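Step one of this worksheet: look at the structure below.
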């Protein structure tokens, strides 16, 4: 029997999944690696640890789960978090750690470029919002602040490019990940001259561009031997996590959007046209074959509710946060929609779409003497989902959305999924125990292997029933409070800035 | 309880217990100049507050202790009161001789202790790694000190054994409290991150699961399960991950010999390093170094 392996180089962990050729999941395993914060705005990961963790997990998975079932691996397809930057020297040796998407050191560089006419031009060409997350800004930061490293750099890679180079010896980046660097013109599919110039680099400082179906080369012999893989194994470069979650997310075609909420979150649509937003609120990433994934990301997803649980939840035994969260959700369901007028702004980590305000902060608003603990819990969840709705609502200025598909650990908590349906007033479908990213990577491989004719056919095989229907009554309540939520999110602009400055001073 | 002050070589109660340097209870009703100057000793010092509020400087850090709190001062750390004055209140203290001055290790593993060798090592490790010398609300420590005093004064049958058991009990109590106090018990990712930092700081050390679990404040069973759940690896396999990742960086730098790399990253020998490395990557360390050497 034959199988396809997908490898996701995620934010906190590598996830390896095996599918048979009928898209059934054979097995799944993960291995985590840490994120280092040497300074408050820094987020870095060790590329060698990511590589070794991936190798270790893959080897154990193959020998324990795949080979005993007599499966032969045809193909390995990769996906990865967007926006990472890893500088390497001329020998291919990393110059320190990789900078990950959540790194904010380039705040000043981003603000400066965003408000300029060049910034607007670059956003229109590249589809990536001007933000510290973008490799364009990260490389610019290195140019301005770490001149020695910048000078020594032979190439600026993404983490996935590095992992693939370790395995095959070749430097490549797929169009999907490249389209999230802020350096690729998503219309012409070439590196964008203005962006390169702004970052102070030439195209040869970047890996070669390749389609998502591209096979960058054979797996090095030593890895073939240690992993027990055949010389005929095909390596497929694959795409980004966001694009593949959309491909595997059952939202192909008109009128659909996908909502992903893990620690952070995003609302995405797919189409053949780029969304040109005057206010630069959305990203447009290239999936494949002229399909674009457009949408908006939020910093404040399930992580915010976890924060709440850690502070205010009950802990039966040490570190048992699942128990704590379960109880909180149970308590939240004891009060009605709208939390009796208690509102929560979830911007504990600043915010991206749609307000794009790094200074935004959290707040409870509307508190009166009758509010109880349950109201706080419910309001917290409602606030996180109002924020998701504010992205969806802004997207609706450009696209019609009739139904939603939800995935991610937070969005797939039944209480939360129902609330999404109610707030949006749209049906929501969901796959149990789903890994849309892995499935998306499987679909790419299956197209390349000829199992499906093209991306359109492959994506349409993913169909899910509508499982959560909106309750109109709740929607009417939510929508009234949402108006206040939306107003507060922008009205407090000056106060957010002032309190941010004070907090910064306080923390040295 | 009444005041007492037992001292080695002066008090017959301590004759059988060479390892106890001093054991006392003091009710301080008046303030005297220079009654509590900063001192460094080679003893391990434990203080327990029964009444009052004490302003102390322990190892350059300012602490305020309230009734029920205990302080642990390691050999070689300086300790005294602010303004060198002992505040008004009631307190008890116990000074224990250690085998060798820290941080060479083997602090409390005198012959008197019935802790096993590995328990001893773990406890020492935790005490040495600890950077918060004040233990909040440790009422049990007060009870143990009270029992200790009763045994020493009454000298009932079996008291020699009981005294040493009580000391063991006190060290176990303090160590457990330390591991718990340093962890909220709510945020495993953050706790795990702290543990990882400690492992990386001292990668050459032969870490045991018991030591790692104790640092997190969990028993080994719960610790194994939590780590596996969170990271996908058993604690020891996760450690191998870090070791190999660090070793790879050294290999790529090209300027350190392979035996040194092996020992620095915590492998027993270059042989052990080679075998582990090859099993995982398919390359021996020197082959791996070669494919990553500067292109000519």
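The values are calculated or read from the model by the stated rules, or taken from the named source; none is laboratory data. None of these values were measured; they are calculated from a predicted model. Reconstructed Cβ throughout: ideal geometry from the backbone, glycine too, with neighbour counts over all protein chains shown.
Can you tell which of A:71, A:67 is assigned by TED's automatic domain parsing to the domain that holds residue A:31 and in contact with a strand residue (DSSP E or B) (Cβ under 7 Å, 6 or more places away or on another chain)? When all the criteria are applied, what remains is A:71. State whether one or more residues within region B:244-263 are touching a residue at least 40 places away in the same chain (Cβ under 8 Å), under 30 Å from the mean Cα position of the chain (by Cα) and not assigned by TED's automatic domain parsing to the domain that holds residue B:122. Among the residues of region B:244-263, at least one is touching a residue at least 40 places away in the same chain (Cβ under 8 Å), under 30 Å from the mean Cα position of the chain (by Cα) and not assigned by TED's automatic domain parsing to the domain that holds residue B:122, which makes the answer yes. Going residue by residue through region A:156-171, is there one that turns out to be more than 20 Å from residue A:79 (Cβ to Cβ), crowded, with 24+ Cβ neighbours inside 10 Å and out of contact with any strand residue (DSSP E or B) (no Cβ under 7 Å at 6 or more places or on another chain)? No, region A:156-171 has no match at all.
Of everything in region A:36-58, what is buried (at least 19 other Cβ atoms within 10 Å of the Cβ), facing chain B (nearest Cβ under 10 Å) and touching a residue at least 12 places away in the same chain (Cβ under 8 Å)? Give them in sequence order. Within region A:36-58, A:46, A:47, A:48, A:49, A:50, A:51, A:53, A:55, A:56, A:57 qualify. Here residue A:321 meets each of (1) over 30 Å from residue A:173 (Cα atoms); (2) at pLDDT below 95; (3) more than 14 Å from chain B (Cβ to nearest Cβ) with one exception, condition (3). Here residue B:215 clears all of (1) more than 14 Å from chain A (Cβ to nearest Cβ); (2) modelled with pLDDT under 90 except the condition numbered (1).
Test residue A:18 against the criterion of being at positive phi and more than 14 Å from chain B (Cβ to nearest Cβ), and give yes or no. Criteria not met by residue A:18.
Counting the residues of region A:290-335 that are out of contact with any strand residue (DSSP E or B) (no Cβ under 7 Å at 6 or more places or on another chain), touching a residue at least 40 places away in the same chain (Cβ under 8 Å) and assigned to a loop (DSSP other than H, G, I, E, B) gives 3.
Quick check on region B:253-262: of everything there that is in a helix (DSSP H, G or I) and either at pLDDT below 95 or touching a helix residue (DSSP H, G or I) at 6+ places or on another chain (Cβ under 7 Å) (or both), which residue is nearest to the other protein chains (Cβ to nearest Cβ)? Per the criteria, the residue is B:253. Number of residues in region B:1-34 that are free of Cβ contacts under 8 Å to residues at least 24 places away in the same chain, touching a helix residue (DSSP H, G or I) at 6+ places or on another chain (Cβ under 9 Å) and under 24 Å from residue B:84 (Cβ atoms): the value is 1. Scanning region A:120-148 for residues that are under 12 Å from residue A:182 (Cβ atoms) and without any contact (Cβ under 8 Å) to a residue 24 or more places away in the chain yields a total of 0. Filtered by the rule that a residue be away from every other protein chain (no Cβ under 13 Å) and surrounded by fewer than 16 Cβ atoms within 10 Å (Cβ to Cβ), region A:59-75 gives A:67, A:68, A:69, A:70, A:72. Within region B:218-242, can you find the residues that are more than 9 Å from chain A (Cβ to nearest Cβ) and assigned to a helix (DSSP H, G or I)? Correct list: B:220, B:221, B:223, B:224, B:225, B:227, B:228, B:229, B:235, B:236, B:239.
Meeting the requirement of 1 or more residues that are under 21 Å from the mean Cα position of the chain (by Cα) and farther than 17 Å from residue B:133 by Cβ, the strands (runs of 3 or more DSSP E) wholly within region B:6-116 are B:20-28, B:89-97. Restricting region B:266-280 to residues that are touching a residue at least 24 places away in the same chain (Cβ under 8 Å) and not in a loop (DSSP other than H, G, I, E, B), the residue that is farthest from the other protein chains (Cβ to nearest Cβ) is B:273.
Put simply, of A:459, A:441, A:446 the only residue that is crowded, with 18+ Cβ neighbours inside 10 Å and at pLDDT below 95 is A:459.
Could we say that residue A:89 is under 22 Å from the mean Cα position of the chain (by Cα) and either over 24 Å from residue B:277 (Cα atoms) or within 11 Å of another protein chain (Cβ to nearest Cβ) (or both) here?
no
For the criterion of being assigned by TED's automatic domain parsing to the domain that holds residue A:94 and either in contact with a strand residue (DSSP E or B) (Cβ under 8 Å, 6 or more places away or on another chain) or surrounded by fewer than 18 Cβ atoms within 10 Å (Cβ to Cβ) (or both), residue A:199 fails.
Residue A:283: within 14 Å of another protein chain (Cβ to nearest Cβ), crowded, with 17+ Cβ neighbours inside 10 Å and modelled with pLDDT of 95 or more, yes or no?
no
The single condition among (1) in contact with a strand residue (DSSP E or B) (Cβ under 6 Å, 6 or more places away or on another chain); (2) assigned to a loop (DSSP other than H, G, I, E, B); (3) within 20 Å of residue A:287 (Cα to Cα) that residue A:412 does not satisfy is (3).
Residues are listed down the side, and each one gets a yes or a no for (1) outside any helix (DSSP H, G or I); (2) touching a residue at least 12 places away in the same chain (Cβ under 8 Å); (3) in the same structural domain as residue B:73 (by TED's automatic domain parsing):
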| position | (1), (2), (3) |
| --- | --- |
| B:124 | no, yes, yes |
| B:143 | no, no, yes |
| B:146 | no, yes, yes |
| B:164 | no, yes, yes |
| B:197 | no, no, no |
